[in-house]
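Colleague: Encoded as structure tokens, here's the structure I'll be asking about.
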Amino acid sequence: KVGFSWTSYARIDQIYDWLIMLSSQYPRIVTVIEGGRTSEGRRILGVKLSFQPGNERRGVWLDSLIHAREWIAGATTTFILNELLTSTDPGVREVADNHDWYIFPVINPDGYEYTHTTNRLWRKTRKQYGVVCYGADPNRNWGFRWNTGGSSSQPCSDTYAGPNSFSEIETDTLSRYLRSIGQNIVAYISFHSYSQMILLPYGHTARHLDNYNQVRGIGLRGAQSLAKRYGTQYVVGNVAETIYVATGSSMDWVKDTLKVPVALTYELRDKGNNGFLLPADQIIPSGLETLDSLVTILLQTDRLLLNRNRTVV
Ligand code: 0X9
Ligand code: ZN
């Protein structure tokens, strides 16, 4: 029995069972993919959705729960995945059908399980460092400007960068998987919580991307769509300017290595009232408003790429 109703936060096994169930329910559309492994021996499972099998479309990547305690992020990703498969809304159908989707709801499975069994506020991986410390921050461990600011060299710190870049099997294996499909990806989107922000690269510097204003415009349109449903306000901006300098994030590595046109980090609900402990009755509203913004962002991304191709020609 797969008890998925988005009225409570699911455990890792429920999420993985559901992904496998989807691949048998929608065999022509859904393929279970293994993006990597963890230090405790779990698999990082996701799904690829292709509504036009055999007919390659631009790829969109969604991930969440790189930080274990940010439960709303994983629930929002599975909610969006379900809508992509079942929604009849014309906007959702257009972006769903016209992209290939790589969706990984839990990219730190060891940490996520630990937040359910032992420590609700655990953030990092679960690899042991020394006698008393566990885990590196998997969003400080990627190999672009690694440990050059906004991370810690102390193994017990919540922002421990690790002993070297890609020291964590999770980031090492997932980065290899990303490289293998990277030429096809036009949008990389990583869901976190909390703060209600849409953050743009880079995290290591407040310097703006060459196409910063275009991408910021797309983010602002997304935030407008999001606010339309319930009035939830999101701030849009460069990571380093909007929150703090952070190096070694997945988004920065993906932007630099794969040159994806649009790379974004969402910080989902709320603004700190409940923080990481967001009540489960907000999963569906958060899912709906986030999907609204995602549809807008991807329609705008497609337009950006269309114009870019026209300019080249
Ligand atoms: O610190 C982080 O990794 C993220 N904030 S959180 O509270 N969810 O931990 C912000 C990451 C944004 N920075 C980059 N992607 N560079
Ligand atoms: Zn986070």
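The values are calculated or read from the model by the stated rules, or taken from the named source; none is laboratory data. Computed from a predicted structure; not experimentally measured. Reconstructed Cβ throughout: ideal geometry from the backbone, glycine too, with neighbour counts over all protein chains shown. We work out accessible area using only protein heavy atoms, side chains counted, and drop any ligands, DNA or RNA first. Shrake-Rupley method; radii C 1.70, N 1.55, O 1.52, S 1.80 Å.
Colleague: Quick one: is Ala96 aliphatic (A, V, I, L, M), farther than 17 Å from Val30 by Cβ and modelled with pLDDT of 95 or more?
Modeller: Working: aliphatic (A, V, I, L, M): yes; farther than 17 Å from Val30 by Cβ: no; modelled with pLDDT of 95 or more: yes.
When the stated conditions are applied, Ala96 does not pass them.
Colleague: Which residue pairs have Cβ atoms closer than 9 Å, lie 6 or more positions apart in sequence or on different chains, and pair a first residue in the range 143-171 that is more than 16 Å from Ala246 (Cβ to Cβ) with a second residue that is within 11 Å of ligand 1 (Cβ to nearest atom) and of a type in the set (Phe, Trp, Tyr)?
Modeller: These pairs meet every condition: Phe166/Trp142.
Colleague: Say we look at the range 1-32 and pick out the residues that are basic (Lys, Arg) and closer than 27 Å to Leu278 by Cα; which of these is nearest to the chain's Cα centre (by Cα)?
Modeller: Going residue by residue through the range 1-32, those that are basic (Lys, Arg) are 1, 11, 28.
Remaining after also requiring closer than 27 Å to Leu278 by Cα: 1, 11.
Numbers: Lys1: 27, Arg11: 18 Å.
Among those residues, the one meeting the criterion is Arg11.
Colleague: Which of the residues that make up the range 54-81 are farther than 16 Å from Leu298 by Cα, more than 16 Å from ligand 2 (Cβ to nearest atom) and among the small types (Gly, Ala, Ser)?
Modeller: Gly54, the sole residue that qualifies.
Colleague: Does the range 228-276 hold any residues that are within 13 Å of ligand 2 (Cβ to nearest atom), part of a helix (DSSP H, G or I) and of a type in the set (S, T, N, Q), and which are they?
Modeller: Ser250
Colleague: Picking from Glu241, Glu267, which residue would you name as being in contact with a strand residue (DSSP E or B) (Cβ under 6 Å, 6 or more places away or on another chain), open to solvent by 10 Å² or more (accessible area, probe 1.4 Å) and among the acidic types (Asp, Glu)?
Modeller: Step by step, each of Glu241, Glu267 is checked, and only Glu267 is in contact with a strand residue (DSSP E or B) (Cβ under 6 Å, 6 or more places away or on another chain), open to solvent by 10 Å² or more (accessible area, probe 1.4 Å) and among the acidic types (Asp, Glu).
Colleague: How many of the residues making up the range 277-313 are open to solvent by less than 60 Å² (accessible area, probe 1.4 Å), among the hydrophobic types (A, V, I, L, M, F, W, C) and part of a loop (DSSP other than H, G, I, E, B)?
Modeller: 1
Colleague: Considering only the range 114-157, how many residues are open to solvent by less than 30 Å² (accessible area, probe 1.4 Å), of a type outside the set (Phe, Trp, Tyr) and under 19 Å from the mean Cα position of the chain (by Cα)?
Modeller: 10
Colleague: How many of the residues making up the range 158-176 are open to solvent by less than 60 Å² (accessible area, probe 1.4 Å) and not polar (S, T, N, Q)? I'd like the intermediate steps shown before the answer.
Modeller: Start the filter on the range 158-176 by keeping residues that are open to solvent by less than 60 Å² (accessible area, probe 1.4 Å), which leaves 159-162, 165-168, 170-175.
Next, only the ones that are not polar (S, T, N, Q) stay: 160-162, 166, 168, 170, 172, 174.
Residues meeting the conditions: 8.
Colleague: Mind listing just one residue for me: the one in the range 254-264 that is within 16 Å of the chain's Cα centre (by Cα) and either polar (S, T, N, Q) or open to solvent by less than 10 Å² (accessible area, probe 1.4 Å) (or both) and, of those, farthest from Ser165 (Cα to Cα)?
Modeller: Val262
Colleague: From Arg216, Arg179, which residue is modelled with pLDDT of 95 or more, assigned to a helix (DSSP H, G or I), open to solvent by 20 Å² or more (accessible area, probe 1.4 Å) and within 30 Å of Leu45 (Cβ to Cβ)?
Modeller: Arg179
Colleague: Something else about it: On the basis of being within 16 Å of the chain's Cα centre (by Cα) and either of a type in the set (D, E, K, R) or on the phi < 0 side of the Ramachandran plot (or both), does Asn98 make the cut?
Modeller: Against the criterion (within 16 Å of the chain's Cα centre (by Cα) and either of a type in the set (D, E, K, R) or on the phi < 0 side of the Ramachandran plot (or both)), Asn98 does not qualify.
Colleague: Mind checking which residues of the range 186-213 are within 9 Å of ligand 1 (Cβ to nearest atom) and open to solvent by 10 Å² or more (accessible area, probe 1.4 Å)?
Modeller: Tyr194, Ser195, Met197, Tyr202, His204
Colleague: When you scan the range 137-146, do you find a residue that is over 28 Å from Leu294 (Cβ atoms) and more than 14 Å from ligand 1 (Cβ to nearest atom), even just one?
Modeller: Looking through the range 137-146, none of the residues is over 28 Å from Leu294 (Cβ atoms) and more than 14 Å from ligand 1 (Cβ to nearest atom).
Colleague: Please verify whether the range 121-128 includes one or more residues that are away from ligand 1 (no atom under 15 Å from the Cβ) and assigned to a loop (DSSP other than H, G, I, E, B).
Modeller: So far as the range 121-128 goes, yes, one or more of its residues are away from ligand 1 (no atom under 15 Å from the Cβ) and assigned to a loop (DSSP other than H, G, I, E, B).
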